Structures are given as C-alpha cells and as structure tokens.
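Note sheet for the following structure.
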Amino acid sequence: MDADALPTYLGEPSLRRRESAWEIWQYAAPECLLYVFLFGPDGGQTVRHVDARDRQREPYDVATCVRRVGVAAYSRPEAVNIMRQFRRSFFP
C-alpha cells in the first residue's frame, strides 16, 4: 500500500517522523498507538511494516488497533476498499 492511500482509511497521522528514506507515521486511538513504517522516495513511499502498542507501550494486536484508529473512516464509502486493501496487505 502506498502512503497516499493511508489517510483515506486512517485519517491524518498524529505524528510524522522522517529518517533518511524512512518515514514513521503514528496514529492514536484511546486504547493504542499504531506505527506505520513507510519506505521510499517522496511521492513513492510504500508501507513496509506496521506495529501497535497499548498506552503503556506494551505490544498490542495490530489488526485491533487498525480497527480502533480507522473506526471513524470505516463508515465512509470510499474508505471501505482502502481498508480491504490494507488488511490484505498485512493480514492475509
């Protein structure tokens, strides 16, 4: 999945951090923090890894956190296809 598709499903990240060709986007939900690691040049970044932590920074189920972060966007029609693509990419 490319970086342009993420905001359609997850909204804008609460934090973006760039390190060389990597960019880390953090999304916050009341129960968890979702970290999306993107790699590539500007305009061509793709998701390479996803991690989730609870508010005490302990490991958290990624699929559950994705749902928590994306709950508001899920109800929008254009987000449904993006969500399916996101899940297929990381949760086969």
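The values are calculated or read from the model by the stated rules, or taken from the named source; none is laboratory data. None of the values given here were measured: they were computed from a predicted structure. When we count neighbours, we look across all protein chains shown, and the Cβ atoms used for this are built from the backbone with ideal geometry, even at glycine.
Scanning the stretch 24-63 for residues that are surrounded by 13 or more Cβ atoms within 10 Å (Cβ to Cβ), more than 12 Å from the chain's Cα centre (by Cα) and not hydrophobic (A, V, I, L, M, F, W, C) yields E31, G40, Q45, R53, D54, Y60.
Of all residues in the stretch 8-23, those being over 17 Å from R88 (Cα atoms) and surrounded by 15 or more Cβ atoms within 10 Å (Cβ to Cβ) number 2.
Consider the stretch 27-49 and keep the residues that are part of a loop (DSSP other than H, G, I, E, B) and in contact with a helix residue (DSSP H, G or I) (Cβ under 7 Å, 6 or more places away or on another chain). The one that is farthest from Y9 (Cα to Cα) is E31. Among the residues making up the stretch 50-74, a single one is closer than 17 Å to P13 by Cβ and acidic (D, E): D51.
For first residues located in the stretch 11-40 and farther than 21 Å from Y60 by Cα, partners that are aromatic (F, W, Y) and in a loop (DSSP other than H, G, I, E, B) and lie 6+ apart or on another chain with Cβ distances below 6 Å do not occur. The single condition among (1) of a type in the set (A, V, I, L, M, F, W, C); (2) under 12 Å from the mean Cα position of the chain (by Cα); (3) crowded, with 19+ Cβ neighbours inside 10 Å; (4) modelled with pLDDT under 85 that F90 does not satisfy is (3).
Filtering the stretch 57-69 for residues that are assigned to a loop (DSSP other than H, G, I, E, B), under 18 Å from R88 (Cα atoms) and not small (G, A, S) leaves a non-empty set.
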